[in-house]
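Trainee: Just passing along the structure, written as structure tokens.
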Amino acid sequence: MDDTALMIRLLGRLRKEMNGAVVETMRQCGVNYPLNYGVSLITIRDIAKEYAPNHSLAQLLYKQQVRELKFAAAWIDDPQQVDAEQMRRWADDFVYTEQVEQAVYALFRYVSPSVAEPVAAEWIESGSTMKCYAGLLTAAAVVTPQSEKDWIEAIFDAADRIAGDSVDLDCNVARGIVTLFLKLAKIFPSYRDRVQKIVAIYASADDAAIRTLSSELEWQLKYLE
């Protein structure tokens, strides 16, 4: 069965799970996709995994302007075949946080660090809210004790700078910073000390979002003890 036939078959299965009430709720919250069946993320994942891994099918699915097919693509793709160009191309479509989170947690976190790490750093510095969020989550997902120290320092400094220079920090970027800082603190004792110092600095910031970020970091750090 070729990719087009597989896509039609997959779409047919997803349409059976259509939930109009979910679609309407999403619209009321300002989430408007060109085509959206309101299928739950868990259901999309479970159905998509039956078609994985299939790199060429994933590329075809992601080109479609259908929420469920784009999300299914992330679960179906073969991370070993994902390159930096693909990551950048997919990120150009990021509008909503669920798009970012599905791409990162279903696919990007499994991509080779040599590919994912520089792209994550690039996104953090991009100036785009959704790409910055994607970069922070991807960096947190792929960093390991074996990661290059220069790269770790670069993403840490970039995240700290974004928070420090922000007048009105986006809540999603703030969540991404928390995720990254906690992952670094969990892996590296030296970064845990630095994050604890940052908590104290952020606590007295003028920006309410940064003070909230400080509180979030503070209580979550306690769970690492």
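The values are calculated or read from the model by the stated rules, or taken from the named source; none is laboratory data. These numbers come from a predicted model, not from an experiment. Reconstructed Cβ throughout: ideal geometry from the backbone, glycine too, with neighbour counts over all protein chains shown. Heavy atoms of the whole protein, side chains included, go into the accessibility calculation; ligands, DNA and RNA do not. Shrake-Rupley method; radii C 1.70, N 1.55, O 1.52, S 1.80 Å.
Trainee: Kindly provide the Kirkwood hydrodynamic radius of region 3-49 in Å, to one decimal, from all pairs of distinct alpha carbon atoms.
Mentor: 11.4 Å
Trainee: Turning to a different aspect of this structure: From the phi angles alone, apply the Karplus equation (6.51, -1.76, 1.60; θ = phi - 60°) to region 33-46 and give each ³J(HN,Hα) in whole Hz, x where the residue is Gly or Pro.
Mentor: Computed from phi, the couplings for region 33-46 are 9, x, 9, 9, 9, x, 6, 5, 4, 5, 5, 4, 4, 5 Hz.
Trainee: Then there's this: Under the Karplus relation 6.51 cos²θ - 1.76 cosθ + 1.60, θ = phi - 60°, what is the ordered set of whole-Hz ³J(HN,Hα) values for region 73-83, x standing for Gly and Pro?
Mentor: The phi angles translate into 4, 5, 7, 8, 4, 9, x, 5, 9, 7, 10 Hz.
Trainee: Which whole-number percent gives the relative contact order of the chain, counting Cα pairs below 8 Å spaced six or more residues apart? Write out the running numbers ahead of the final one.
Mentor: Details: 281 pairs, mean separation 26.8, N = 225.
Value for the chain: 12 percent.
Trainee: Quick check: pseudo-label points 7 Å beyond the Cα along Cα→Cβ at Gln65 and Ile201, how many nm apart are they?
Mentor: It is 4.5 nm.
Trainee: Over 20 Å between C-alpha atoms is what I'm after, so list which of Lys70/Lys183; Lys149/Lys222; Lys149/Lys183 land there.
Mentor: The answer is Lys70/Lys183; Lys149/Lys222.
Trainee: Which ³J(HN,Hα) values, rounded to whole Hz and listed in residue order, are derived for region 55-66 from phi using the Karplus coefficients 6.51, -1.76 and 1.60 in 6.51 cos²θ - 1.76 cosθ + 1.60 with θ = phi - 60°, glycine and proline given as x?
Mentor: The phi angles translate into 5, 5, 5, 4, 5, 5, 5, 5, 6, 7, 8, 10 Hz.
Trainee: Hey, what number do you get for the chain at 222 nm if only DSSP H runs of n ≥ 4 count, each worth -39500 (n - 2.57), divided across all residues, to the nearest 500? Let's see the in-between values first.
Mentor: Numbers: 13 runs with 157 residues, N = 225.
So the helix-based figure for the chain works out to -21500 deg cm²/dmol.
Trainee: Here's a follow-up. Just to be sure I understand the model, the point goes 7 Å from the Cα along the line to the Cβ. What's the resulting Thr212 to Asp46 distance in nm?
Mentor: 3.3 nm
Trainee: Hey, another quick one. Over region 76-192, how many percent of alpha carbon pairs lie in each 5 Å bin up to the one with the longest distance?
Mentor: Bin by bin from 0 Å, the calculated values are 2, 12, 26, 25, 20, 11, 4, 1.
Trainee: Further question: Between Gln220 and Arg194, with labels modelled 7 Å along Cα→Cβ, what's the label distance in nm to one decimal, could you check?
Mentor: Using points 7 Å along Cα→Cβ, the separation is 1.7 nm.
Trainee: Let me ask something else about it. In percent, what relative contact order does region 64-181 have, based on Cα pairs under 8 Å that are 6 or more apart in sequence? List each step's numbers first, then the result.
Mentor: Numbers: 126 pairs, mean separation 27.7, N = 118.
Relative contact order comes out at 23 percent.
Trainee: What is the Å³ per residue value for the convex hull set by the Cα atoms of the chain? Each step should come with its number before you reach the end.
Mentor: Numbers: hull volume 28.9 nm³, N = 225.
Cα convex hull per residue, to the nearest whole number: 129 Å³.
Trainee: Same structure, new question: Based on the Cβ-Cβ distance of Asp150 and Gln81, what FRET efficiency does E = 1/(1 + (r/R0)^6) give at R0 = 30 Å, to the nearest 0.05? Before the final figure, lay out each step's value.
Mentor: Working: r = 27 Å, r/R0 = 0.91.
The computed FRET efficiency comes out at 0.65.
Trainee: Sticking with this one: What are the residues whose amide H is under 5 Å from the amide H of Glu17, where those residues sit 5 or more places off or on another chain and H is modelled from the backbone?
Mentor: Result for Glu17 returns nothing.
Trainee: Could you give the distance between the Cα centres of region 138-186 and region 29-79, to the whole Å?
Mentor: Region 138-186 and region 29-79 have Cα centres spaced 27 Å from each other.
Trainee: Moving on. Report Glu24's accessible area, 1.4 Å probe, all protein chains in place, as a number in Å² to the nearest 10.
Mentor: Counting only protein heavy atoms, the figure is 80 Å².
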